[in-house]
Amino acid sequence: MPESLIIGVTIFVLSMFAGFEVITKVPPTLHTPLMSGANAISGIAIIGALLVTGGENTILNTILGVIAIIFATINVVGGFLVTDRMLNMFKKKEK
Amino acid sequence: MNLLETIIALSYVLAAALFILGIKYMSSPATARKGNLLAAIGMFIAILVTLLDKQIIGYTWIVVGIVIGSLIGAIAARRVQMTGMPQMVGILNGFGGGASALVAVAEFLRLSGTQALPTDVAVSILLSVIIGGVTFTGSFIAFGKLQGFVPGSPIQFPLQNIVNALVLMGAVISSVAIVLFSPAIPVFVIVVALSLLYGILFVIPIGGADMPVVISLLNSFSGLAACATGFVVGNNILIIAGSLVGSAGFILTQIMCKAMNRSLRNVLFSAFGTGDAVAGAAQAKGDKTARSIDAEEAAMIMGYAQSAVIVPGYGMAAAQAQHAVRELAEQLMGRGVEVKFAIHPVAGRMPGHMNVLLAEAQVPYNLLFDMDDINPEFPHTDVVLVIGANDVINPVARYDKSSPIYGMPILDVDKARHIIIIKRSLNVGFAGIDNELFYDPKTTMYFGNAKEKLQELVAEVKKL
């Protein structure tokens, strides 16, 4: 097993635990914004898409890469904006 | 490592910390918006430093992609209605999964031409393609069901579970062949096609009201796909962010299943909610009568109560009645009635759906109570107003072992002194079973469209 893979797996396992810890504390009221926010974070695939598209490529790969960038950007931009829009509506009762 | 590489690597660590911190701030509505901003900043940093990577030599196509994606994303985020939020989240899941799968496909095409694929890279690519592909098409079907393009009821055909299993096995076997023998492109195409097909097959037999589970699960998948892509391109930030999303979706999936007292297996494979039980339920109806009520009488009961609990369900979302609900609550509170909202975890079509709609209507979130907090209060509640909810208040879940919803935690609405139910008809809910609460002497039915009925009720309360 290559060393980079071991490191990757280590990071994966620890991140899962970190995720469980912080996410179980999110109250049900915020479950929809949590999802859309998590959605935006899963747009991190954009990093992979950028590396693929910007590199030396065949035409087919460039096309695949650009579509991947479009998808991931929709995810990132749409996800964060719509989450912000939702969270902006959550107001406490003023006394 | 040169200076640039060090800066990039450390920036990724910063981005990862901001993601975790961002989610941590989501633990309270007061700080959640800041949390979302922190996560967004983390993403911005990650994207920015990636552009400095020496692997990137051309920027034209990158800019094209980002501009198009940003425009679509921003317009969608601005235009979407709060009642359409489940669809929005559903489709965003799909784009996330799709992006991950596409990156893996591109990497496969690049590597397969030049050298033999190392086993770990091949496995990562195939996982990313399968998970991402399933997420992509599955999310679009879920979107279609929520939007009404695809029938919301389970779509079934003979030997469905066997056919589905064969499709998935086909994808797995082809993948194993690629890993063990050679990275042949035709076999890879089969993997891609079967994954996309499986995504469709796996969502079509799942009914509309089970969408909270499906959306949560696909959310988890979109994260895991990104994670697998992280292994493909050898980038840790993808692994970290992907597993955060993977665990978020997984936790939500578990919460949703628990709130229905059904296993994930049962939700995914049993085509629940076909309405098979309707015939039996109709017979049982025979000697029972439901009392109906008009706006004036309902206004009297609610307006002179000391405490009222409002239970919103999918009917409120479908009728876009959240603003009328807020108006009613305001009128009642103005008269000194203590008003609370009771939210069942699976009310609506996605986790937290009701909360978002009520937030949009500017109902303060501290009036909203979870099932466990509100249930002990029903026995002291004068009146409960149920708006378009059915199975989540059906007392049969508590005692009838033969009922399909037996064991599902419900809101103990039947323990209140008086229950008013706004509903279009006495029809059964998603589970396809009759609700004895409708015939309880304490219950009165207020038939009609939720929004219209609430507006009439508000008008009558004002006259009191």
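The values are calculated or read from the model by the stated rules, or taken from the named source; none is laboratory data. Predicted model only: the values in this text are computed from it and were never measured. We place every Cβ from the backbone using ideal geometry, glycine too, and count neighbours over all the protein chains shown. SASA here: full protein model, heavy atoms, side chains in, ligands and nucleic acids out. Shrake-Rupley method; radii C 1.70, N 1.55, O 1.52, S 1.80 Å.
A few points about this structure:
- Any chance B:Val49 is closer than 30 Å to B:Tyr314 by Cα, open to solvent by less than 50 Å² (accessible area, probe 1.4 Å) and out of contact with any Asp or Glu (no Cβ under 8 Å at 6 or more places or on another chain): no
- Qualifying residue in region A:36-52 (condition: closer than 23 Å to B:Phe231 by Cβ, open to solvent by 60 Å² or more (accessible area, probe 1.4 Å), without any contact (Cβ under 8 Å) to a residue 40 or more places away in the chain and out of contact with any Cys (no Cβ under 9 Å at 6 or more places or on another chain)): no
- Selection status of A:Phe17, more than 7 Å from chain B (Cβ to nearest Cβ) and either assigned to a helix (DSSP H, G or I) or in contact with a Leu (Cβ under 7 Å, 6 or more places away or on another chain) (or both): yes
- Pair list, Cβ < 6 Å and 6+ apart or interchain, from region B:350-369 residues that are at the interface with chain A (Cβ under 7 Å from one of its Cβ atoms) and at positive phi to residues that are polar (S, T, N, Q) and buried (at least 24 other Cβ atoms within 10 Å of the Cβ): B:Gly352/A:Thr32
- Residue list for region B:180-195, restricted to those being open to solvent by 60 Å² or more (accessible area, probe 1.4 Å) and either of a type in the set (Phe, Trp, Tyr) or closer than 23 Å to B:Val163 by Cβ (or both): B:Phe181, B:Pro186, B:Val189, B:Ile190
- The number of residues in region A:22-44 being farther than 25 Å from B:Leu367 by Cβ and among the charged types (D, E, K, R) comes to 0.
- Of all residues in region B:295-303, none satisfies being within 12 Å of chain A (Cβ to nearest Cβ), under 16 Å from B:Ala450 (Cβ atoms) and in a helix (DSSP H, G or I).
- Boolean, B:Ile240 is touching a residue at least 40 places away in the same chain (Cβ under 8 Å), within 7 Å of another protein chain (Cβ to nearest Cβ) and either outside any loop (DSSP other than H, G, I, E, B) or open to solvent by 10 Å² or more (accessible area, probe 1.4 Å) (or both): yes
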